[in-house]
Amino acid sequence: RFRRKASFARWVRTTVASADRMLRLGVKFFLHPIAVSEAITAARVGMTKIDRYNHQYFMSMEVYAYSQDYVHSSEDDARFGWEPPKVCSSVSKSALFIVATGNPNDQFRNWLLTVISKRTEITEDPLNFFPNDARAATQVLDSVYEDLEAGGRPRDYAADFLMYTIIDRAVREVTPICLAYGHRLRWLQEKLNVTRLKCPVKHCDEVSSMQLEMQELRQWINQLRGILKTLTADANTAKTDSTMVWNFGSHAEGKGKSILLFLSSTDASLEQSLDRLQVLHDLARNFLQQHQRYRESFMNNILLTLTVATAVFMPAQLLA
């Protein structure tokens, strides 16, 4: 619980909850039953979306987080022979259910409810390349909670800004993942330059898997930008009419306009992450193409050798 002016915004955090428990939480906090049902379905199938029912925002969001602290540079890897860890095994994925509710005049409860979907409740997706567990969502929520305990900026706002803060922290987790991919690809590229055809097949398979993993991250970023677009449109329609249902950010100074600065900053971070992933995808493609060129060059040399040998020994065979 944290204070905003004369009122309190309450954050109810549930570590892991099944679908039945989420329904009970909906009854406890007077949440719209249809919205809760849709959010449960979205969490099961791994969908990132947001819905609004009157003064309540329901958001189902996938969260990714990198769990290893890798601080070596590419020069250190080459100098000391350190091998960067594989990225996929160090990235976790969670399904997070968030409800934000409130009103500038405190006509409604000022609640923030976060629920981490239970792993067994998540539908197995053949296009999911990262392990599903609660580590990613827990890491993001712990970061926001530590900021609140330290008296950071979110303390001065209500539940809707807390929801935005969680989105922003989830966006920040993409940067360590991109850096980890960059270190790993640089190391694999240097190995390929040295070993050439002796490069293990498992490295090529790993780079091919990286391309699919990065495509999954790009798809998630595009879905997250859709959420930001919805919140931005809602903040733009905020009015001073007290009879109007709550709009995102309408409690802040400027009647919702000030929140646009934060939303714009987060959207710019997502766009930068998309550019990073595109560069990394090009690096992975260049690795596979270079390995293919080495193989083709090797095969051409073999064919040339066989052709020369045939031309040398063919006359002798004809004379015999």
Part-to-part distance (alpha-carbon centres) for region 156-198 and region 289-311, which is given in Å: 39
Charge dipole (debye, nearest 20) of region 259-320; +1 at Cβ of Lys and Arg, -1 at Cβ of Asp and Glu: 360
Gain on full stretching of the segment that runs from Asp275 to Val308 - 0.36 nm per residue minus C-alpha separation: 7.0 nm
Per-peptide average of other Cβ atoms within 10 Å, ordering 283-294, 132-143, 226-237 highest first: 132-143, 226-237, 283-294
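Read-outs: derived from the displayed coordinates by stated rules, not from any lab. The structure displayed is predicted, hence computed values, not measured ones. As a convention, Cβ positions derive from the backbone with ideal geometry for all residues, glycine included, and neighbour counts pool all protein chains shown.
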